[in-house]
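One structure below.
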Amino acid sequence: MLNVTVNSIPTTAFPYGGVGYVFYSCVDASAYAGIRFTLSGTLSGCIMSFAVGFSGDEPCGNSFGTCSGQCALPTSAAISVAASPTSVTIPFSSLTGGMPVPSVDRTHLTDLQWVFGIPQAGCSGTITIDNIAFVP
């Protein structure tokens, strides 16, 4: 279970924050179609999304990264946060925008990330992420 408190100050320098789970070695998730987790809480002003790290889009300086140019992880569309625990399923095929590899390479996962887009005015909230599992 991840309990996350978001309390950002207004910023234009780096308008993102987040929390994640890093694997100690690359994970082969090729037998799975996506990730499921339970999400609850409140989030005001932020836009929350989900990303999966894999070696092709992680910078070379990271433990398992092989990307040496412009690197970005494939990310989901915005995720709504409800006060009551809600099951969220993110298919790997829905994650887009990675660089240099646009979609997830399920054979070399390095981490899972819940990302908060922070507007100039800042944002706040408290969320709980639980029951994280791969989906067949």
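All of the numbers you see were taken from the coordinates with simple rules; none came from a lab. Note that the structure is a prediction, hence the values are computed from the model and not measured. Heads up, the Cβs are rebuilt from the backbone with ideal geometry, glycines too, and the neighbour counts pull from every protein chain shown.
What the table below lists for this structure:
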read-out	value
Listed residues Ala51, Leu39, Ile132: farthest to the positive end of the dipole of the chain (Cβ charges)	Leu39
Sorted by Cβ neighbour density within 10 Å, fewest at the top, the residues Ser87, Ser55	Ser87, Ser55
About the Cα centre, charge dipole magnitude for the chain (Lys/Arg +1, Asp/Glu -1 at Cβ), debye	220
Residue of Ala31, Ala78, Ala51 that the Gaussian network model of the chain assigns the largest fluctuation, springs spanning Cα pairs under 10 Å	Ala31
Phi to ³J(HN,Hα) by Karplus 6.51 cos²θ - 1.76 cosθ + 1.60 over the stretch 69-81, Hz, x for Gly, Pro	x, 7, 10, 8, 8, x, 10, 7, 5, 4, 10, 7, 10
Under-5 Å amide H pairs with Val6, H placed in peptide plane, nonlocal only	Gly125, Thr126, Ile127
Relative contact order %, the stretch 1-92, counting alpha carbon pairs below 8 Å whose residues are six or more apart	33
The chain: Cys lacking any partner C-beta under 4.7 angstrom	Cys26, Cys60
Order of Thr89, Thr75 under a 10 Å beta carbon neighbour criterion, fewest first	Thr89, Thr75
Per-peptide average of other Cβ atoms within 10 Å, ordering 42-48, 130-136 highest first	42-48, 130-136
